[in-house]
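Visitor: I'd like to ask some things about the structure below.
The values are calculated or read from the model by the stated rules, or taken from the named source; none is laboratory data. All figures in this text were calculated on a predicted structure; none of them were measured in a lab. As a convention, Cβ positions derive from the backbone with ideal geometry for all residues, glycine included, and neighbour counts pool all protein chains shown. Just the protein is used for accessible areas: all its heavy atoms, side chains included, with ligands, DNA and RNA removed. Shrake-Rupley method; radii C 1.70, N 1.55, O 1.52, S 1.80 Å.
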Amino acid sequence: MVFPMVAVKIAKASDIPPGKMKSIRASKTRVLIVNVDGKFYCTQSVCSHYANPLFEGKLKGKELWCSNHYAKFDVTNGKVLEPPIGTDYLKIDPLKTYPVRVEGEDIVVEVPE
C-alpha cells in the first residue's frame, strides 16, 4: 500500500548545526533530522530494534549509535552498520528515511499524510 506524502516545514536550517540532530513531529510522523557536514538527512526517530529514541544516541559523521543496545546506522540511507549487542543483521530493519530539502532557510521533509 502506498501512502500519499505531504511536504512539511519542520525547522530552520540554522536550528540544527553540523554534527547535531533533532527529533521533530512532521504531520503525524515523528522524525529525526540530522545535519551531516551541512547536508540534512531525515530518518525515523526511534531505533528499529527496540524503539529507543535515536536523538539520545551518539552521532559521529554520518554514523549514529542507538544509546540502548548500540546498534549503528548510516543516517544518509538508514542502513544498519552494526547490529545491536547480542543480535545479528537479520533481526534489525534499516531505518526508514524520508526525502528532505532546504527551501531558503526552511527544512522541509516529505512524510506520509
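Visitor: Can you tell me which residues in the range 10-31 are of a type in the set (Val, Ile, Thr) and assigned to a loop (DSSP other than H, G, I, E, B)?
Guide: Within the range 10-31, 16 is the sole residue that qualifies.
This table checks each residue for (1) among the β-branched types (Val, Ile, Thr); (2) closer than 22 Å to residue 81 by Cβ; (3) part of a helix (DSSP H, G or I); (4) open to solvent by less than 50 Å² (accessible area, probe 1.4 Å).
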position	(1), (2), (3), (4)
3	no, no, no, no
8	yes, no, no, yes
35	no, yes, no, yes
68	no, yes, no, no
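Visitor: Report, ordered by the first and then the second residue, all pairs with beta carbons closer than 6 Å, sequence separation of six or more or different chains, a first member in the range 36-57 that is acidic (Asp, Glu), and a second member that is surrounded by fewer than 22 Cβ atoms within 10 Å (Cβ to Cβ).
Guide: Filtered contacts from the range 36-57: 37/18; 56/67.
Visitor: Of the conditions (1) part of a loop (DSSP other than H, G, I, E, B); (2) under 25 Å from residue 8 (Cβ atoms); (3) free of Cβ contacts under 8 Å to residues at least 24 places away in the same chain, residue 94 fails just one. Which one is it?
Guide: Condition (3) is where residue 94 drops out.
Visitor: For the range 10-33, how many residues meet the condition of being modelled with pLDDT under 95, open to solvent by 30 Å² or more (accessible area, probe 1.4 Å) and of a type in the set (Ser, Thr, Tyr)?
Guide: Summing the residues that are modelled with pLDDT under 95, open to solvent by 30 Å² or more (accessible area, probe 1.4 Å) and of a type in the set (Ser, Thr, Tyr) in the range 10-33 gives 1.
Visitor: Just for the range 37-66: of the residues that are more than 14 Å from the chain's Cα centre (by Cα) and either of a type in the set (S, T, N, Q) or on the phi > 0 side of the Ramachandran plot (or both), which one is most open to solvent (accessible area, probe 1.4 Å)?
Guide: Out of the qualifying residues, it is 37.
Visitor: If you don't mind, there's one more thing I want to ask. Could you check residue 82 against (1) at pLDDT below 95; (2) surrounded by fewer than 16 Cβ atoms within 10 Å (Cβ to Cβ); (3) within 18 Å of residue 112 (Cα to Cα) and say which number it fails?
Guide: (3)
Visitor: Only residues that are more than 15 Å from the chain's Cα centre (by Cα), modelled with pLDDT under 95 and loosely packed, with under 14 Cβ neighbours inside 10 Å: list them for the range 88-113, please.
Guide: Within the range 88-113, 88, 89, 90, 91, 113 meet the criteria.
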